[in-house]
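This report concerns only the one structure given below.
The values are calculated or read from the model by the stated rules, or taken from the named source; none is laboratory data. As the structure is a computational prediction, the values presented were derived from the model and not from experiment. Quick reminder, even Gly has a Cβ in these numbers, built from the backbone with ideal geometry, and neighbours come from all protein chains shown. Note: areas computed on protein heavy atoms with side chains; ligands, DNA, RNA excluded. Shrake-Rupley method; radii C 1.70, N 1.55, O 1.52, S 1.80 Å.
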Amino acid sequence: MLFRIGRRPSLVVLAFALALFATGPAGAQDRARSKEVVVALAAEPRSLLPNTIVDWTTNNQLEHMYDRLVDRDAKSYKPAPMLATGWKVVNDTTWEFTLKQGVKFHNGEPFNAQSVKATMDYIMDPANKTHYAPRWSQVKDVQIVNDYTVRFITEKPWPGLIDRMAATDFLPMPPKALKEQGVAALAAKPIGTGPFKFVQWVRDEKLVLERNPDYWQGGAAVNRVTFRYIPEFSARLAALLAGEIDIMKDVPPLNVDQVDKSGKAKVRATESSRINYLALVNLKPGPLQDLKVRRAIHHAVNVDELIAQVLRGRATKMCGPLSPLNVDYSPKGECIKYDPARAQALLKEAGQDPAKLQLTLDTPSGRYPLDKDVSLAIASQLGRIGIKVNVLVNEWGTHLDKIKNRTTGDMFFLGWGPALEAQGTIEQLFQAKPTYSSFGNNATIDAKIAQAVTIVDPRKRLEAWAELQQLVRDEVPWVFLWQQHDLYGVANWIEWSPRADEKVWMYEAKIIAR
């Protein structure tokens, strides 16, 4: 097994992080008095333009400044009003949304129907090269009925439109600023309707936001939010225990007791809707074009062992492309069992000698729970049957670019979420064209997806997605790994609970009086 690190060596990142801590912001007590919260994430935004990059890290930070048109309920995760106060299906190809009145963007522009139309125009303009254009391809037109009513007209029936809307796929933008100042100006200084306003972005270091006192839902309990970028788990943990940050994502399972006993913070956990998987890339020439080789690799990976030994049980095993939290999940179908003997037999049938098979596995480090460690452990397991695996550890932005540009190795580790309904996963990851897909060119699956997204009858639609889950499982496009468990380290003076839909929104945070 070979192991190489991408653009930023771990030791360099750790040293950089420790240097930041030495000259960091005021201590926890000062932040509590001033009501500032520092949140540590693995990476900075890919862009400060909304509706542009499909990436949780980017959009989680953006939606502190921009609001969704449709939100999700914090407990049921069903679509819930936000900037849209209500919606109805006018006919099979028309959705009508009623908009909140009296809402203003941070520059004073009113939010109205023109904002919604301008946002869709931005998404669909090829010059903007947004990842979201194909995700809204079913929309033929956005019609303004009046200042606070809009209609989305679709090419065919699209019952899943409301689920697509209830995410960061559509964050309304200010039409006047977009037209007069242009895209570059909004990228440099975001202007949303959200609970926090842009203050400063120091690349590779931090994003600083301040409370919007005129927020339409009422001002936040927090005056200031700073996102700091600390790629390494160990450096993030050190910062939390030193009081330099207040919330960290992805506490390593090994360190849960350490955090809980520190007297400074507690671990707050939830089962996430995000799924983790090992993509077996068939969109490029190579041995993974062969189904027998893909199935062999899956048989050679011991998922139960990875969960028990690497993640300390903090994950829920998956046997297909959807988790039980997904509303379209089908429990039918069997898991692909760990069976190294069967793996070797399949490789022989495929004409592959394991001792001569060399594969490359791309992984991020610090983005998902113990992602690098999991990837190295998978490489070790494949080594047990003779396969040599070269593990490439990428900086997060580089990792996404390699997937988007189809320049990864034979396999890559990725998480996908929030994954709350089937279309958002199956349509986006098992066809050749979508941004982050690793599998495609299967005529049967393509046709079944095109049909499933148009089915209006709920029972028939559920049956169609169940059939697709089995078709995908049979093609073994991934090593199906697990539903992620999210472990956040949260300072004792902050009241905040994580959500399964991964909306880490500091508008929901409160300061505990000390």
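Here's the yes/no breakdown for (1) among the β-branched types (Val, Ile, Thr); (2) within 28 Å of the chain's Cα centre (by Cα):
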position: PRO79; (1), (2): no, yes
position: PHE97; (1), (2): no, yes
position: GLN101; (1), (2): no, no
position: THR119; (1), (2): yes, yes
position: PRO126; (1), (2): no, yes
position: ARG135; (1), (2): no, yes
position: ASP147; (1), (2): no, no
position: THR168; (1), (2): yes, yes
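Just to be sure, is LYS348 open to solvent by 30 Å² or more (accessible area, probe 1.4 Å), touching a strand residue (DSSP E or B) at 6+ places or on another chain (Cβ under 6 Å) and more than 30 Å from GLN423 (Cβ to Cβ)?
no
When region 35-75 is filtered for residues that are charged (D, E, K, R) and in contact (Cβ under 8 Å) with a residue 24 or more places away in the chain, the ones remaining, listed by number, are LYS35, GLU36, GLU44, ARG46, ASP55, GLU63, ASP67, ARG68, ASP71, ARG72. Of all residues in region 400-417, those satisfying the criterion of being in a loop (DSSP other than H, G, I, E, B) and free of Cβ contacts under 8 Å to residues at least 60 places away in the same chain are ASN405, THR407. Taking the criterion of being crowded, with 21+ Cβ neighbours inside 10 Å and assigned to a helix (DSSP H, G or I), the residues of region 384-399 that qualify are TRP396, HIS399. Entry remark, region 266-309: residues being assigned to a strand (DSSP E or B) and either in contact with a Ser or Thr (Cβ under 8 Å, 6 or more places away or on another chain) or of a type outside the set (Phe, Trp, Tyr) (or both) number 14 in total.
Condition check ((1) at pLDDT 95 or above; (2) open to solvent by less than 20 Å² (accessible area, probe 1.4 Å)) across all residues:
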position	(1), (2)
ALA40	yes, yes
ALA43	no, yes
PRO50	yes, yes
ASN59	yes, yes
GLU96	yes, no
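The rows are residues; the columns are (1) in contact with a helix residue (DSSP H, G or I) (Cβ under 7 Å, 6 or more places away or on another chain); (2) open to solvent by 20 Å² or more (accessible area, probe 1.4 Å).
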{"site": "ALA450", "(1), (2)": "no, yes"}
{"site": "THR454", "(1), (2)": "no, yes"}
{"site": "GLU463", "(1), (2)": "no, yes"}
{"site": "VAL472", "(1), (2)": "yes, no"}
{"site": "GLU475", "(1), (2)": "yes, yes"}
{"site": "VAL479", "(1), (2)": "yes, no"}
{"site": "GLY489", "(1), (2)": "yes, no"}
{"site": "ASP501", "(1), (2)": "no, no"}
{"site": "ILE512", "(1), (2)": "no, yes"}
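Flag set for PRO324, criterion: part of a loop (DSSP other than H, G, I, E, B), open to solvent by 60 Å² or more (accessible area, probe 1.4 Å) and under 22 Å from TRP56 (Cα atoms). Scanning region 205-254 for residues that are assigned to a helix (DSSP H, G or I) and over 18 Å from PRO498 (Cα atoms) turns up PHE233, SER234, ALA235, ALA238, ALA239, LEU241, LEU254. Apart from one condition, GLU334 fits all of (1) buried (at least 20 other Cβ atoms within 10 Å of the Cβ); (2) of a type in the set (D, E, K, R); (3) not in a helix (DSSP H, G or I); the exception is (1).
Taken over region 99-129, residues that are open to solvent by less than 70 Å² (accessible area, probe 1.4 Å) and part of a helix (DSSP H, G or I) amount to 10.
Considering only residues of region 291-311 that are under 20 Å from ALA379 (Cβ atoms) and of a type in the set (D, E, K, R), which is least open to solvent (accessible area, probe 1.4 Å)? In this case the residue turns out to be ARG294.
Would you check if TYR77 is surrounded by 19 or more Cβ atoms within 10 Å (Cβ to Cβ), at pLDDT 95 or above and aromatic (Phe, Trp, Tyr)? No; evaluated as a whole, the condition is false for this residue. Among the residues of region 145-157, those identified as over 16 Å from LEU462 (Cβ atoms) and open to solvent by less than 40 Å² (accessible area, probe 1.4 Å) are THR149, VAL150, PHE152, ILE153, THR154.
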